[in-house]
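**Student:** Let me give you the structure first, and then I'll get to my questions.
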């Protein structure tokens, strides 16, 4: 699991929340600093990279991210098949 700290303009919060929800993310916290919003999203590692890749399009290139390791969690849903 990765905790992705996203600093983004306040007017793009809705897009960031929607994308995080589609990627099975859990918003841990959100705070505003003037015209910026800081959002902490907990995501599976593979999904965190997808969120980070989507942010430039969602925020007009204005988001800054800081992902950090947040521990291990059991796989949600059907686990992937083992490679033979």
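Readers should treat all values here as calculations from the given coordinates under stated rules, not as data from a laboratory. Being a predicted model, the structure only gives us computed values, none of them experimental. Using ideal geometry, Cβ is built from the backbone for each residue, glycine included, and neighbour counts are taken over all protein chains shown.
**Student:** Running a GNM on the chain with Cα contacts under 10 Å, which residue among 56, 44, 74 ends up with the highest mean-square fluctuation?
**Tutor:** 74
**Student:** Across 5 Å bins from 0, what is the distribution of all Cα-Cα pair distances for the chain, in whole percents?
**Tutor:** Calculated P(r), rounded to whole percents: 3, 15, 27, 24, 14, 8, 5, 3, 1, 0, 0.
**Student:** Same structure, new question: Using a 7 Å offset from the Cα along the Cα-to-Cβ direction at both residue 32 and residue 53, what is the distance between the two label points in nm, to one decimal?
**Tutor:** 3.3 nm
**Student:** Note down the nm distance, to one decimal, between modelled labels 7 Å out along Cα→Cβ at residue 66 and at residue 46.
**Tutor:** 2.9 nm
**Student:** Now for a separate question. Nearest 500 deg cm²/dmol is fine: what mean residue ellipticity at 222 nm does the chain get from its DSSP H runs of n ≥ 4 alone, each adding -39,500 (n - 2.57), divided by its residue count?
**Tutor:** Numbers: 2 runs with 25 residues, N = 84.
Taken over the chain, the calculation gives -9500 deg cm²/dmol.
**Student:** How far is helix 45-59 tilted off the main Cα axis of the chain, in degrees rounded to 10, range 0 to 90?
**Tutor:** Roughly 30 degrees, rounded to the nearest 10.
**Student:** Compute the angle between helix 13-22 and the longest alpha-carbon principal axis of the chain, please, reported from 0 to 90 degrees and rounded to the nearest 10.
**Tutor:** 10 degrees
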